[in-house]
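The values are calculated or read from the model by the stated rules, or taken from the named source; none is laboratory data. Remember, predicted model here, so these are calculated numbers, not experimental data. Glycine also receives a Cβ, built like all others from the backbone with ideal geometry; neighbour counts cover every protein chain displayed. Keep in mind that these areas ignore ligands, DNA and RNA; they rest on the heavy atoms of the full protein, side chains included. Shrake-Rupley method; radii C 1.70, N 1.55, O 1.52, S 1.80 Å.
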Amino acid sequence: MIKLYNTLSRKKENFSPLHKGSAGMYCCGPTVYYYAHIGNLRTYIFSDLLRRMLLYNKLKVKQVMNVTDVGHLTSDADEGEDKMEKAARREQRSVWDIAKFYTDAFFKDTKKLNIMDPDITCKATEHIPEMIALIQKLEKNGYTYVAEGNVYYDITKFKDYGKLAKLQQDELKAGARIAVDENKKNPHDFVLWFTKSKFQNHAMVWDSPWGKGYPGWHIECSAMSMKYLGEQFDMHCGGIDHIPVHHTNEIAQSEGATGKKSVNYWLHGEFLVLDKEKMAKSEGNILTISVLEEKGFDPLDFRYLCLNTHYRKQLQFNIEGLEGARNAFAALKRKIIELKEDASSKTKNITEDDKYKQQFLEAINDDVNIPQALAVLWTVLKDDDLSSDEKLALAFDFDNVFGLSLENIEEEKIDVPEEIMELVEKRQQARKEKDFSLADKLRAMIEKKGYSLDDTPQGIKIKKK
Ligand code: AMP
Ligand code: ZN
């Protein structure tokens, strides 16, 4: 039985899919105005692990992810500027160029992290008619009003507004902090369609029954999730910051339009934080996968780091922690290579009732407890009663969820610490300069640190002793 922590009930619940044997999931995708930072990517690693867990349980999964390429203002509550327009000005390119460039960059990063592509990726700008139709439905059902040309959602008309975030009625009335827009009847009302906004020169505009304009941010997820997964679907995920505004508004829109419960399980990933600060693209302290690569890390070192913290716990990121993850991952890779060298060529099948497979399943099915599942893998690798064949078979089987590409690991790809690489490079330089005594000294230093060097015609091979 799969158990998932549902933000809606604040409890772990047994997962019971709407359609037997399958699971429909929607994950809020990136706003493509800049590179994704490692905090964003932690959330996509989480949804990837969730999906892989469902697949491991032999469920047929349909995962849908949107790409926000219009309408997301710098504040989630309709204030500020459109993030895409701002980026276009910053980079002196068109908004369409910006969207294309950062969408491609996003998928390059997710590929490097072994995040599986969603079954359906859908762009906001390609679903404007669906959004307009949904707003019309809400209009018909009496949830909207027009003020100064913009269409607003009146939250007092939706009985359960705020149920996801457990917002209290008095909080909803109070919310003066976010009620800067004087057209709003209630502070938490939000825009469904902008026409006469303060951005008169908005580059992305479409005709609509309310005038030329563009959609509010939240409507895209309601429109696209319904289009691809139906009016009711199993699960919806994103980062915890989406609970109070974005997902709260999605529920108000989808359920206001259909009168049905839209999503059964809401799952939210905790944040990755740098020095206790929220890490956001708009706050300037951006660490991307490329930055980590420049610092000499493999993107999968970061994935391994994420596997070690449960998705509902904050991940305090620092370079020392990432180095620790790199070392542990390197040890895992060395172990796999050793086993490969020792194993027979026959593939070993694991039975469903295998003790370790059961333990692994229990861990991942307990609200995607990947740290526990990793502990099971390490127990397997250390169990002297198992043959190398059995260990490898289990490791590869579990890796369907971990996504660390364990089957493809080859000797050369083992990470060598930077410190050793520097010594190797110095030795190369010494040899080039024919300073053989220095080269020998450097080799001795490298060996003392636990690595051996082999000068082969193909180049130097560095091995952990
Ligand atoms: P955005 O591109 O800003 O819409 O964010 C994409 C995803 O990343 C959303 O699911 C956010 O909830 C999530 N997110 C944003 N910042 C962080 C962070 N520091 N740690 C983890 N997830 C985050
Ligand atoms: Zn969304």
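Residue 198 falls short of the stated requirement of being at pLDDT below 90, outside any strand (DSSP E or B) and closer than 22 Å to residue 5 by Cα.
Out of everything in the stretch 218-231 that is surrounded by fewer than 24 Cβ atoms within 10 Å (Cβ to Cβ) and either under 25 Å from residue 156 (Cβ atoms) or without any contact (Cβ under 8 Å) to a residue 40 or more places away in the chain (or both), what residue ends up being farthest from ligand 1 (Cβ to nearest atom)? For the stretch 218-231, the residue satisfying everything is 231. Taking the numbered list (1) surrounded by fewer than 24 Cβ atoms within 10 Å (Cβ to Cβ); (2) hydrophobic (A, V, I, L, M, F, W, C); (3) within 11 Å of ligand 1 (Cβ to nearest atom) in turn, residue 237 passes all entries but (1).
Within the stretch 356-398, the set of residues being free of Cβ contacts under 8 Å to residues at least 24 places away in the same chain and crowded, with 19+ Cβ neighbours inside 10 Å comprises 363, 376.
Select from the stretch 51-63 the residues that are outside any loop (DSSP other than H, G, I, E, B) and either more than 16 Å from ligand 2 (Cβ to nearest atom) or farther than 16 Å from residue 225 by Cβ (or both) and list them in ascending order. The answer is 51, 52, 53, 54, 55, 56, 60, 61, 62. With respect to the conditions (1) more than 30 Å from residue 13 (Cβ to Cβ); (2) part of a helix (DSSP H, G or I); (3) touching a residue at least 24 places away in the same chain (Cβ under 8 Å), residue 331 falls short on a single one, namely (3).
When the stretch 242-262 is filtered for residues that are within 11 Å of ligand 2 (Cβ to nearest atom) and farther than 20 Å from residue 151 by Cβ, the ones remaining, listed by number, are 242, 247. Across the stretch 7-49, the qualifying residues are those that are open to solvent by 20 Å² or more (accessible area, probe 1.4 Å) and of a type in the set (D, E, K, R), and the one among them that is farthest from ligand 2 (Cβ to nearest atom) is 20.
Checked against (1) over 28 Å from residue 231 (Cβ atoms); (2) in contact (Cβ under 8 Å) with a residue 24 or more places away in the chain, residue 15 passes all but condition (1). Would it be correct to say that residue 248 is assigned by TED's automatic domain parsing to the domain that holds residue 136, within 15 Å of ligand 1 (Cβ to nearest atom) and modelled with pLDDT of 95 or more? Against the criterion (assigned by TED's automatic domain parsing to the domain that holds residue 136, within 15 Å of ligand 1 (Cβ to nearest atom) and modelled with pLDDT of 95 or more), residue 248 qualifies. Across the stretch 421-458, the number of residues qualifying as in contact (Cβ under 8 Å) with a residue 24 or more places away in the chain and open to solvent by 100 Å² or more (accessible area, probe 1.4 Å) comes to 0.
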